[in-house]
1. Would you order H218, H43 from fewest to most other beta-carbon atoms within 10 Å of each residue's own beta-carbon?
2. Once the dipole of region 11-97 is set up with Lys and Arg at +1 and Asp and Glu at -1 on Cβ about the Cα centre, which of N34, C93, L45 lies farthest towards its positive end?
3. Using only the Cα atoms of region 59-169, what are the Rg and Dmax in Å?
4. Classify region 62-108 as rounded, prolate or oblate, taking a ≥ b ≥ c as the square roots of the eigenvalues of its Cα gyration tensor: rounded when a/c is under 1.5, otherwise prolate if a/b is larger than b/c and oblate if not.
5. Would you kindly work out the equivalent ellipsoid of region 14-75 from its C-alpha gyration tensor and give its semi-axes, the square roots of five times the eigenvalues, largest first in whole Å?
Amino acid sequence: MAESKQDVIEIKDCEYEIFKEFLRWLYQATVNLNDANQAIKLHTLADKYLQEDLREKCLNFLTSMINMENVYMILDFAHQENSTGLKNWCLKCVKDKLNVLNVAGLIEYLDRQEDSEWKENHRQFRNFAFNFILRILQKEKKQVYEDFLLKNVEMDTISPLIQFLGHAYDFSEKSDWGKREKEIFEKCTARLKEAAFRFVEGNAKVIMTRPEAKDFPHEFLRDFIVYTTENQALKSGKKRMEPSQNSLDEENHELKKTKKSFSELETKKTCMKNLL
C-alpha cells in the first residue's frame, strides 16, 4: 500500500484540531469539547472510526449546549443522525426560549425546509411557531408573519386558527390600538379568515367531527355558514350580494337577542347540516 511507503498519512476529510482531539481520545480517553460545531465534527469522525463512547460523549455535550443561536444547526444534525432524543431537546429549547425577538430565526429556518427531505420532521416546530405567532399577533400592532400563517393552514393548525379568528373581534375592540393599527389587524385577520373558510369547506367532514369542534367559537361558525351559503349561491348562478353596514348591524343585533336561546351545540348542528 502507498501509506506503508510514506512517513505521513494525510487525513483529507478532517480538520487538524478535530483530529487532534480524536487522537487525545484514543490515547488518553479524554477530550476537550468547546462548542457545538466542534462536537458535531468530532461525532462524525467518531462514527467513521466506530468510537461509540466518543459519539455518545459528543451527543451529551450537544444536548447540554443547545441555545437559540445554535439550535437549528443542532436540529439539522439530529435529523441527519435520526437522533430522537436530540430533536426533542431542540424542541424543548425552542418552546422555552422562543420570543418576539428571535421568532424570525425559526420562521427563516422552517422556510428553508420547504424542499428538504426532513420537512415532515419539522411538523412540531411548524405547529408551535404557528400557535406562537397567533399569540403575538394579538399584541403586536402590525402584521406578524402573515405569509407564514397563510401557507401553513392545515389539519394540525386549523383548530387554533379557528379559535383565534373566533375571538379576533374582541382583540381590536378591547385593545388600546389606534385606528390605523386596528385597520391593519382587521385586514390581516380577514385574509386568515378567508384561508380558514376555504380549508374548512374542503375538509368539513373531517374537521367538524373532531372532538375540538364542539369548542369552536360561535362567531366563526356563524360567519362560516354565511360564507358557504354565498359560495353555494355563486355556484348556482345567483349574484353574490355584499351586506350593507345596516344589515350587518341588524344581524349582530338579532344575534345578541337570540344567542341566549340557542346553544352552541345547535349552532354546530346547523353548521354540519349545511356542510355534510
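1. On the way: H218 17, H43 23.
Neighbour counts put them in this order, fewest first: H218, H43.
2. Farthest towards the positive pole: C93.
3. That works out to 14.5, 48 Å for Rg and Dmax.
4. Values: a/c = 2.17, a/b = 1.70, b/c = 1.27.
In terms of gyration-tensor shape, prolate.
5. On the way: eigenvalues 78, 25, 21 Å².
Working through the eigenvalues yields semi-axes of 20, 11, 10 Å.
Values in this text are rule-based calculations from the coordinates and carry no lab data. Everything numeric here is computed off the predicted structure, so don't read it as measured data. With ideal geometry, Cβ positions are generated from the backbone for all residues, glycine too; neighbour counts draw on all protein chains shown.
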